[in-house]
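Please read the structure below before turning to the comments.
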Amino acid sequence: DLDLLNSIAEFAAIAIERAYYNQALTSLATKDSLTGLKNRWSFDRAVGSRQEMLKNYGSVFSLMIIDFQGMRQAAGDDLVKSLAKVMARTKRREDELFRYGETTFILILPQTYAEGALRAKNRMSTQLSLAISESGNLPVKSNIFTHTVSSDETGQLKQMIKDSLTRSLEPVEEETVSDFEYSLQELVEKE
């Protein structure tokens, strides 16, 4: 009986070891090593099919694209980790946060319409601004874009994200100046 139990124990040990390594490899493939958040590959899988989107996020959901400018020059991994913690702490329990790129994060807000996404954006923007100001005089700025999406539009998600990221790379000063000029023109016309 002892010989039989030894042989069964050896096979059980091999099976447990393989399961452990399989789980470790899956974790390495789906999570960002720096922040522990789900990575771009996980995002692509999450939004890959319409059926998965309906099951996980509902027929209408919102995306929040968060991109940081000036982070590469300002700090490094410590700032990325601390901002990831702030975002993870600020999101709702059912929301999913992904590290999409080096300085880009995407938050999926299940069953959330435009109004709810705007409230979430304001809450996230406030918390990130506080975290950035507490980290010192760093020239880091967060750009946050929200999009409310139907599960029928899943094929357009990647283009939408690309367009948002392209907009976030536009110089901030030009936007500020044009907004200022527009506001000034309205005031002059009223006078």
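The values are calculated or read from the model by the stated rules, or taken from the named source; none is laboratory data. Bear in mind the structure is a predicted one, so any value in this text is a computation, not a measurement. Virtual Cβ from ideal backbone geometry, glycine too; neighbours counted across all protein chains shown. The protein model used for the area step is the full one, side chains on, heavy atoms only, and it has no ligands, DNA or RNA in it. Shrake-Rupley method; radii C 1.70, N 1.55, O 1.52, S 1.80 Å.
Here are a few things to note about the model shown:
- Region 35-51, residues that are within 16 Å of ILE106 (Cβ to Cβ) and either assigned to a loop (DSSP other than H, G, I, E, B) or open to solvent by 40 Å² or more (accessible area, probe 1.4 Å) (or both): THR35, GLY36, LEU37, LYS38, ARG40, TRP41, ASP44, ARG45, VAL47, GLY48
- The single condition among (1) open to solvent by less than 30 Å² (accessible area, probe 1.4 Å); (2) touching a strand residue (DSSP E or B) at 6+ places or on another chain (Cβ under 6 Å) that LEU79 does not satisfy is (2).
Rundown of residues vs (1) assigned to a loop (DSSP other than H, G, I, E, B); (2) of a type in the set (A, V, I, L, M, F, W, C), yes/no style:
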site	(1), (2)
LEU5	no, yes
ILE14	no, yes
ALA29	no, yes
ASN56	no, no
MET64	no, yes
LYS85	no, no
GLY101	yes, no
LEU107	no, yes
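- Restricting attention to region 1-34 and to residues that are acidic (Asp, Glu) and more than 22 Å from LYS85 (Cα to Cα), the residue that is surrounded by the fewest Cβ atoms within 10 Å (Cβ to Cβ) turns out to be ASP1.
- Sub-6 Å Cβ pairs linking a first residue in region 130-141 that is touching a residue at least 60 places away in the same chain (Cβ under 8 Å) to a second residue that is polar (S, T, N, Q) and open to solvent by less than 80 Å² (accessible area, probe 1.4 Å), at least 6 apart or interchain, are LYS141/GLN69, ordered by first then second residue.
- Enumeration of residues in region 109-132 that are out of contact with any Asp or Glu (no Cβ under 6 Å at 6 or more places or on another chain) and not in a helix (DSSP H, G or I): GLN111, THR112, TYR113
- Screening region 85-108 for residues that are in contact with a Lys or Arg (Cβ under 7 Å, 6 or more places away or on another chain) and of a type in the set (A, V, I, L, M, F, W, C) and picking the one that is surrounded by the fewest Cβ atoms within 10 Å (Cβ to Cβ) gives LEU97.
- For region 113-144, a residue qualifies if it is under 16 Å from the mean Cα position of the chain (by Cα) and crowded, with 18+ Cβ neighbours inside 10 Å, and the qualifying residues are ALA117, ALA120, LYS121, MET124, LEU128, SER142, ASN143, ILE144.
- Boolean, GLY58 is touching a strand residue (DSSP E or B) at 6+ places or on another chain (Cβ under 7 Å) and at pLDDT below 85: yes
- GLY116 vs. criteria of a type in the set (Gly, Ala, Ser) and touching a strand residue (DSSP E or B) at 6+ places or on another chain (Cβ under 9 Å): yes
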